[in-house]
Amino acid sequence: MATAAPLPRHVSLDVVRGIAVMGILLMNIVAFAMPSQAYFNPTAFGGDGALDIAVWGANFVLADGKMRGLFSVLFGASMLLVIERAEAKGENGALTHFSRMTWLLLFGAIHAYAIWFGDILMLYAVVGLIAFFFRAMETHRLVILGLILIVIEAIIMGQFAFSFWQLRAAALPPGAEAATIAAWAEMNAAFGPLATDALAENLALYRGGYGGIVADRLGPHFWAPIANNLFWMPETLGLMLLGMAGLKSGFLTGRWERARYLRYALRGYLIGLPLQMLLALWILLSGFELAALITADFALQTLVNPFVVLGHAGLILYWVKSAGESAMRERVAAAGRAAFSNYLGTSIVCTFIFYGYGLGLYGEISRAALYIVVFGVWALILLWSKPWLDRFRYGPLEWLWRSLARRQFQPLWRIKTIAT
């Protein structure tokens, strides 16, 4: 039986994915370099000077949740594209997909427990298994369901935030019960400055050897990567469905007119950025008070983030349509083609820089100064990805993942033709 021609590669998808995988480091760098409390609250650790607060504010408005959201959208689109390409070649799309997600789950577990606790691959693998069953849905239905799931996420987070307000109201008045006061203090410790002994323990752990860090992950914090990911399942599924819709509609494949991308970018930014700035201002004026922080950063931002994600995607795709085959566009596209290798590679490089079994800089660099490291890692990504892909078909981990999922070694070297 004849099979259809393979579906073309879309440079636009690669560019957006490349920017997303690099952009994720804008927030993750804090979790690599400092106690986790600093991720949401710059006053918890790492300096609260004007420049540190400004860096937090810029990331809150432009990157926090947005780059992860963009990456999730691209994952949904790429997942659907892989299924379609498999079927176009006469392969079993379902088998290909479920095999890929199963191996991704294993890669994610290795990442979470052997490299860095902030893994997102396990979440993508589990949600990807669910997203498969929506692949045939019409574009407008994918958009509607995706947005509904994001609203459901916001409602869940809103209930979570409301519990903090209730606890706050019970713990702060004079005569509050000792147990309530202790519970409020414990919650604050999860997002605010650590007590002296807890901070010393945290610094000693991550400035120590590899064995101690892994023992901590496999021991008292074994369930943390799994529990943390469960919080974001509705939103992640919603974003993946929006990614499928973006692929089907031609938005993510660059089929739209250039001016239309700019219009959508402006719409997303004009709605999302003012709301993000208001949320950041509220947190700042509250002094990073726990209940306000949770409400703004978890519940309300979940509703606002998709507008900024749309703005980012529209602007990137407008640039793709405008830039032609520029050297920078090609390097960013290569970074996106090797996104899996770059994501895990970033974790390996950053944990080596900050943890005790490497350079041991954990807790030694201010929040603002961390972005020197970010720019250095970006440079590495842009420098290695294109030369590698000029010689090989896939990034190293992409090749391994593809070979495992298809149960046979895939061709790696590019075939060079000799002119005669």
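Worth a mention:
- Search result, residues across the stretch 384-408 that are buried (at least 17 other Cβ atoms within 10 Å of the Cβ) and within 25 Å of N92 (Cβ to Cβ): Y394, G395, L397, E398, W399, L400, W401, R402, L404, A405
- Positions within the stretch 280-310 being free of Cβ contacts under 8 Å to residues at least 60 places away in the same chain, closer than 22 Å to I19 by Cα and crowded, with 21+ Cβ neighbours inside 10 Å, in sequence order: V304, L310
Conditions tested, residue by residue: (1) out of contact with any Leu (no Cβ under 8 Å at 6 or more places or on another chain); (2) under 22 Å from I130 (Cα atoms); (3) buried (at least 17 other Cβ atoms within 10 Å of the Cβ).
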| site | (1), (2), (3) |
| --- | --- |
| L230 | yes, yes, no |
| P234 | no, yes, yes |
| L241 | no, yes, yes |
| K248 | no, yes, yes |
| R255 | yes, no, no |
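- Condition check for L275: in a helix (DSSP H, G or I) and touching a residue at least 24 places away in the same chain (Cβ under 8 Å): yes
- Residue within the stretch 294-315 that is more than 20 Å from the chain's Cα centre (by Cα) and at pLDDT 95 or above present: yes
- Boolean, I155 is more than 30 Å from A114 (Cα to Cα), among the aliphatic types (A, V, I, L, M) and surrounded by 13 or more Cβ atoms within 10 Å (Cβ to Cβ): yes
- Test: S99 is in a helix (DSSP H, G or I), of a type in the set (S, T, Y), touching a Leu at 6+ places or on another chain (Cβ under 9 Å) and surrounded by fewer than 20 Cβ atoms within 10 Å (Cβ to Cβ): yes
- Hey, G108 surrounded by fewer than 23 Cβ atoms within 10 Å (Cβ to Cβ) and in contact with a Ser or Thr (Cβ under 7 Å, 6 or more places away or on another chain) or not: no
- Residue that is part of a helix (DSSP H, G or I) and in contact with a Leu (Cβ under 6 Å, 6 or more places away or on another chain), where the choices are A265, A259: A265
- Only listed residue being out of contact with any helix residue (DSSP H, G or I) (no Cβ under 7 Å at 6 or more places or on another chain) and closer than 30 Å to F40 by Cα, chosen from G336, G376, G358, G324: G376
- In the stretch 186-207, the residues that are surrounded by 13 or more Cβ atoms within 10 Å (Cβ to Cβ) and farther than 16 Å from M34 by Cβ: M187, N188
- Any hit, the stretch 60-82, residues being in contact (Cβ under 8 Å) with a residue 60 or more places away in the chain, among the aliphatic types (A, V, I, L, M) and closer than 20 Å to A292 by Cβ: yes
- Those helices (runs of 4 or more DSSP H) lying entirely in the stretch 136-239 with at least 2 residues within 23 Å of the chain's Cα centre (by Cα), modelled with pLDDT of 95 or more and within 30 Å of G76 (Cα to Cα): 139-171
- Some residue of the stretch 211-232 being over 20 Å from Y113 (Cα atoms), without any contact (Cβ under 8 Å) to a residue 60 or more places away in the chain and polar (S, T, N, Q): no
The values are calculated or read from the model by the stated rules, or taken from the named source; none is laboratory data. Just so it is clear, the model here is predicted, and its values are computed rather than measured. Note that we place each Cβ from the backbone using ideal geometry, even for glycine, and neighbour counts take in every protein chain shown.
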